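Structure, as C-alpha coordinates:
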Amino acid sequence: MKPDRVSTGSQALDDLLGGGLERRTITQIYGEPASGKSTFCLMAAVASLRAGNSVVYIDTEGFSVERFTQLAGENAGAFADRLYLFEPLDFAQQGAMIADTEGLLKRDGQAAVGLLVMDSATALYRTELDLGREALRRLSHHMIKLLGLAKKYDIPVMITNQIFMDIERDRVAGLGGTALEHLSKAIIRLEKKDSVRRAMLRKHRSRPEGLSFDFVITEDGIRTV
(Lines give C-alpha, C1' and ligand atoms only; values in the text may rest on other atoms or scores of the structure.)
Protein backbone atom coordinates (compact mmCIF):
# COMPACT_ATOMS: atom_id res chain seq x y z
CA MET A 1 0.00 0.00 0.00
CA LYS A 2 1.36 3.41 -0.98
CA PRO A 3 2.02 5.98 1.76
CA ASP A 4 -0.44 8.89 1.82
CA ARG A 5 2.38 11.42 1.56
CA VAL A 6 5.26 11.92 -0.84
CA SER A 7 8.48 13.63 0.25
CA THR A 8 9.29 17.09 -1.09
CA GLY A 9 13.01 16.41 -0.66
CA SER A 10 13.07 18.90 2.23
CA GLN A 11 12.51 17.64 5.76
CA ALA A 12 11.44 21.11 6.88
CA LEU A 13 8.83 21.40 4.12
CA ASP A 14 7.64 17.83 4.74
CA ASP A 15 7.15 18.68 8.42
CA LEU A 16 5.30 21.91 7.56
CA LEU A 17 2.92 19.90 5.35
CA GLY A 18 2.35 17.22 7.99
CA GLY A 19 4.51 14.59 6.30
CA GLY A 20 4.94 15.73 2.69
CA LEU A 21 2.83 16.24 -0.43
CA GLU A 22 -0.59 14.64 -0.13
CA ARG A 23 -1.66 12.30 -2.92
CA ARG A 24 -4.79 13.12 -4.92
CA THR A 25 -4.51 16.84 -4.13
CA ILE A 26 -2.87 20.04 -5.35
CA THR A 27 -0.26 21.71 -3.15
CA GLN A 28 0.36 25.34 -4.09
CA ILE A 29 3.47 27.40 -3.34
CA TYR A 30 3.27 31.12 -4.10
CA GLY A 31 5.62 34.03 -3.64
CA GLU A 32 7.52 36.84 -5.29
CA PRO A 33 10.25 36.18 -7.88
CA ALA A 34 13.44 34.52 -6.55
CA SER A 35 11.75 33.44 -3.30
CA GLY A 36 12.60 29.76 -3.85
CA LYS A 37 9.52 28.38 -5.62
CA SER A 38 11.42 26.66 -8.42
CA THR A 39 14.02 25.28 -6.01
CA PHE A 40 11.29 23.49 -4.03
CA CYS A 41 9.78 22.12 -7.27
CA LEU A 42 13.12 20.76 -8.44
CA MET A 43 13.89 19.29 -5.00
CA ALA A 44 10.54 17.47 -4.97
CA ALA A 45 11.13 16.21 -8.51
CA VAL A 46 14.61 14.91 -7.66
CA ALA A 47 13.30 13.24 -4.49
CA SER A 48 10.63 11.41 -6.52
CA LEU A 49 13.15 10.40 -9.19
CA ARG A 50 15.53 9.18 -6.48
CA ALA A 51 12.71 7.00 -5.12
CA GLY A 52 12.52 5.27 -8.52
CA ASN A 53 9.52 7.10 -9.96
CA SER A 54 9.07 9.12 -13.12
CA VAL A 55 8.07 12.79 -12.89
CA VAL A 56 5.97 14.95 -15.20
CA TYR A 57 7.30 18.53 -15.07
CA ILE A 58 5.47 21.39 -16.82
CA ASP A 59 7.65 24.52 -16.83
CA THR A 60 6.36 27.83 -18.17
CA GLU A 61 9.28 29.99 -17.02
CA GLY A 62 12.34 28.23 -18.46
CA PHE A 63 13.60 24.96 -17.01
CA SER A 64 17.08 25.28 -15.48
CA VAL A 65 19.12 22.25 -16.56
CA GLU A 66 22.03 23.61 -14.53
CA ARG A 67 19.99 23.77 -11.32
CA PHE A 68 18.50 20.31 -11.93
CA THR A 69 22.01 18.93 -12.41
CA GLN A 70 23.19 20.61 -9.21
CA LEU A 71 20.41 19.01 -7.18
CA ALA A 72 20.53 15.59 -8.85
CA GLY A 73 24.32 15.33 -8.70
CA GLU A 74 25.95 12.32 -10.32
CA ASN A 75 22.52 10.80 -11.03
CA ALA A 76 21.40 13.72 -13.24
CA GLY A 77 21.76 11.81 -16.51
CA ALA A 78 19.87 8.74 -15.32
CA PHE A 79 17.18 10.87 -13.66
CA ALA A 80 16.70 12.94 -16.83
CA ASP A 81 15.53 9.79 -18.64
CA ARG A 82 12.54 9.62 -16.27
CA LEU A 83 11.80 13.36 -16.22
CA TYR A 84 9.08 14.19 -18.74
CA LEU A 85 9.49 17.89 -19.41
CA PHE A 86 6.82 20.06 -21.04
CA GLU A 87 7.56 23.72 -21.84
CA PRO A 88 4.42 25.47 -23.15
CA LEU A 89 4.96 28.81 -24.87
CA ASP A 90 1.45 30.22 -24.51
CA PHE A 91 -1.66 29.73 -22.42
CA ALA A 92 -3.49 27.58 -25.00
CA GLN A 93 -0.45 25.31 -25.30
CA GLN A 94 -0.37 25.03 -21.50
CA GLY A 95 -3.86 23.55 -21.53
CA ALA A 96 -3.00 21.17 -24.36
CA MET A 97 0.14 19.94 -22.59
CA ILE A 98 -1.75 19.33 -19.33
CA ALA A 99 -4.13 17.13 -21.34
CA ASP A 100 -1.18 15.36 -23.00
CA THR A 101 0.30 14.31 -19.65
CA GLU A 102 -2.44 11.73 -19.18
CA GLY A 103 -0.83 9.60 -21.86
CA LEU A 104 2.30 9.35 -19.71
CA LEU A 105 0.31 8.55 -16.58
CA LYS A 106 -1.40 5.66 -18.38
CA ARG A 107 1.75 4.01 -19.73
CA ASP A 108 2.74 0.57 -18.45
CA GLY A 109 6.07 -1.24 -18.42
CA GLN A 110 8.12 1.61 -17.01
CA ALA A 111 8.64 3.54 -13.80
CA ALA A 112 5.26 4.92 -12.75
CA VAL A 113 4.81 8.67 -12.52
CA GLY A 114 5.05 9.59 -8.85
CA LEU A 115 4.66 13.38 -9.06
CA LEU A 116 3.29 16.05 -11.38
CA VAL A 117 4.85 19.52 -11.08
CA MET A 118 3.74 22.78 -12.70
CA ASP A 119 6.07 25.75 -12.36
CA SER A 120 4.36 28.21 -12.74
CA ALA A 121 0.62 27.67 -13.14
CA THR A 122 -0.04 31.38 -13.73
CA ALA A 123 2.94 32.85 -15.64
CA LEU A 124 1.20 32.38 -19.01
CA TYR A 125 -2.21 33.21 -17.52
CA ARG A 126 -0.77 36.62 -16.66
CA THR A 127 -0.31 37.32 -20.39
CA GLU A 128 -4.04 36.70 -20.96
CA LEU A 129 -5.46 38.96 -18.25
CA ASP A 130 -6.95 41.32 -20.84
CA LEU A 131 -9.42 38.52 -21.61
CA GLY A 132 -10.90 38.98 -18.13
CA ARG A 133 -13.28 36.25 -17.00
CA GLU A 134 -12.47 34.06 -20.00
CA ALA A 135 -8.81 33.84 -18.95
CA LEU A 136 -9.84 32.94 -15.41
CA ARG A 137 -12.26 30.33 -16.73
CA ARG A 138 -9.45 28.71 -18.75
CA LEU A 139 -7.09 28.76 -15.77
CA SER A 140 -9.74 27.11 -13.61
CA HIS A 141 -10.23 24.46 -16.30
CA HIS A 142 -6.46 23.76 -16.33
CA MET A 143 -6.40 23.34 -12.56
CA ILE A 144 -9.52 21.14 -12.52
CA LYS A 145 -7.84 18.91 -15.12
CA LEU A 146 -4.69 18.68 -12.94
CA LEU A 147 -6.77 17.82 -9.88
CA GLY A 148 -8.62 15.18 -11.89
CA LEU A 149 -5.31 13.58 -12.89
CA ALA A 150 -4.12 13.64 -9.26
CA LYS A 151 -7.25 11.81 -8.14
CA LYS A 152 -7.43 9.36 -11.05
CA TYR A 153 -3.77 8.30 -10.81
CA ASP A 154 -3.29 8.66 -7.04
CA ILE A 155 -0.40 11.13 -7.24
CA PRO A 156 0.34 14.53 -5.72
CA VAL A 157 0.38 17.67 -7.87
CA MET A 158 2.67 20.53 -6.90
CA ILE A 159 2.16 23.96 -8.50
CA THR A 160 3.71 27.36 -8.06
CA ASN A 161 1.87 30.64 -8.34
CA GLN A 162 2.79 34.27 -8.74
CA ILE A 163 1.57 37.09 -6.53
CA PHE A 164 -0.37 40.31 -6.83
CA MET A 165 -1.56 42.99 -4.43
CA ASP A 166 -5.18 42.37 -3.46
CA ILE A 167 -6.35 45.97 -3.00
CA GLU A 168 -9.74 45.02 -1.52
CA ARG A 169 -8.21 42.87 1.24
CA ASP A 170 -5.01 44.97 1.46
CA ARG A 171 -2.75 41.94 1.27
CA VAL A 172 -0.49 40.07 -1.10
CA ALA A 173 -2.26 37.06 -2.59
CA GLY A 174 -1.72 34.39 -5.22
CA LEU A 175 -3.02 34.93 -8.74
CA GLY A 176 -6.09 33.03 -9.92
CA GLY A 177 -8.47 34.24 -7.25
CA THR A 178 -10.64 32.03 -5.10
CA ALA A 179 -10.86 29.30 -7.76
CA LEU A 180 -7.15 28.47 -7.55
CA GLU A 181 -7.20 28.91 -3.78
CA HIS A 182 -10.17 26.57 -3.42
CA LEU A 183 -8.68 23.85 -5.65
CA SER A 184 -5.42 23.80 -3.67
CA LYS A 185 -5.72 21.69 -0.51
CA ALA A 186 -2.45 23.04 0.93
CA ILE A 187 -0.99 26.49 0.26
CA ILE A 188 2.43 27.79 1.27
CA ARG A 189 3.56 31.38 0.92
CA LEU A 190 7.25 32.17 0.43
CA GLU A 191 8.63 35.52 1.55
CA LYS A 192 12.16 36.84 1.22
CA LYS A 193 14.19 39.36 3.17
CA ASP A 194 17.73 39.78 1.89
CA SER A 195 19.21 36.26 1.66
CA VAL A 196 16.77 34.64 4.10
CA ARG A 197 13.41 33.24 2.97
CA ARG A 198 10.41 32.15 5.01
CA ALA A 199 7.95 29.39 4.12
CA MET A 200 4.59 29.95 5.83
CA LEU A 201 1.57 27.67 5.81
CA ARG A 202 -1.47 29.60 4.59
CA LYS A 203 -3.94 26.73 4.18
CA HIS A 204 -4.07 23.09 5.28
CA ARG A 205 -6.84 20.67 6.19
CA SER A 206 -5.23 19.50 9.46
CA ARG A 207 -2.38 21.92 10.33
CA PRO A 208 -2.75 25.42 11.80
CA GLU A 209 -2.27 28.39 9.50
CA GLY A 210 0.83 30.46 10.24
CA LEU A 211 3.34 27.67 10.92
CA SER A 212 6.63 28.53 9.24
CA PHE A 213 10.36 27.97 8.89
CA ASP A 214 13.20 30.17 7.64
CA PHE A 215 15.74 29.01 5.09
CA VAL A 216 18.48 30.04 2.70
CA ILE A 217 18.95 28.68 -0.82
CA THR A 218 22.09 26.63 -1.26
CA GLU A 219 23.82 24.80 -4.11
CA ASP A 220 22.29 21.50 -3.06
CA GLY A 221 18.82 22.82 -2.24
CA ILE A 222 17.95 24.74 0.91
CA ARG A 223 19.24 24.99 4.45
CA THR A 224 17.04 25.95 7.39
CA VAL A 225 18.21 28.80 9.63
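The values are calculated or read from the model by the stated rules, or taken from the named source; none is laboratory data. Here the structure is a predicted model, which is why all the values come from computation and not from measurement. Please note: Cβ atoms are built from the backbone with ideal geometry, for glycine as well, and neighbour counts cover all protein chains shown. Accessible surface is based on the protein model in full, side chains and every heavy atom, while ligands, DNA and RNA are left aside. Shrake-Rupley method; radii C 1.70, N 1.55, O 1.52, S 1.80 Å.
Comparing Asp81, Asp15, Asp119 in a Gaussian network model of the chain where C-alpha atoms under 10 Å apart are linked, the largest mean-square fluctuation is found at Asp81.
Grouping the Cα pair distances of segment 1-69 into 10 Å bins from zero gives a pair-distance distribution of 18, 54, 26, 2 percent in increasing distance order. Taking all Cα pairs closer than 8 Å and separated by 6 or more residues, the relative contact order of segment 26-116 comes to 37 percent. The heavy atoms of Leu71 offer some 20 square angstrom of accessible surface to a 1.4 angstrom probe. Among the lysines of segment 1-154, pairs that are 8 or more positions apart or on different chains and have alpha carbons within less than 17 Å of each other number 5. Per the Debye formula on identical point scatterers at the alpha carbon atoms of segment 27-100, with no solvent, log10 I(q)/I(0) at q = 0.16, 0.18, 0.20, 0.22 Å⁻¹ is -0.61, -0.77, -0.93, -1.09. In the Gaussian network model of the chain, springs joining C-alpha atoms below 10 Å, which of Arg24, Arg207, Arg197 carries the largest mean-square fluctuation? Sorting by GNM fluctuation, first place goes to Arg207.
If you average the sequence gap of Cα pairs under 8 Å that are 6 or more apart and divide by the length of the chain, what percent do you get for the contact order? Don't skip to the answer; put the middle values down first.
On the way: 430 pairs, mean separation 62.3, N = 225.
Contact order relative to length: 28 percent.
Taking Thr178, Thr69, Thr160 as the candidate residues, the one with maximal mean-square fluctuation in a Gaussian network model of the chain, Cα springs under 10 Å, is Thr178. Summing Cβ point charges (Lys, Arg +1; Asp, Glu -1) relative to the Cα centre of segment 17-119 gives a dipole of roughly 420 debye.
Per the 1.4 Å probe, what fraction of the accessible area of the chain, in percent, lies on carbon and sulfur atoms?
49 percent
Ellipsoid fit via the Cα gyration tensor, segment 1-129: semi-axes of 21, 18, 16 Å, each the root of five times an eigenvalue, largest first.
Its Cα gyration tensor gives segment 79-160 an equivalent ellipsoid. The semi-axes, each the square root of 5 times an eigenvalue, are 25, 13, 10 Å from largest down. For the chain, a crude dipole built from +1 on the beta carbon of Lys and Arg and -1 on the beta carbon of Asp and Glu, taken about the Cα centre, is about 800 debye to the nearest 20.
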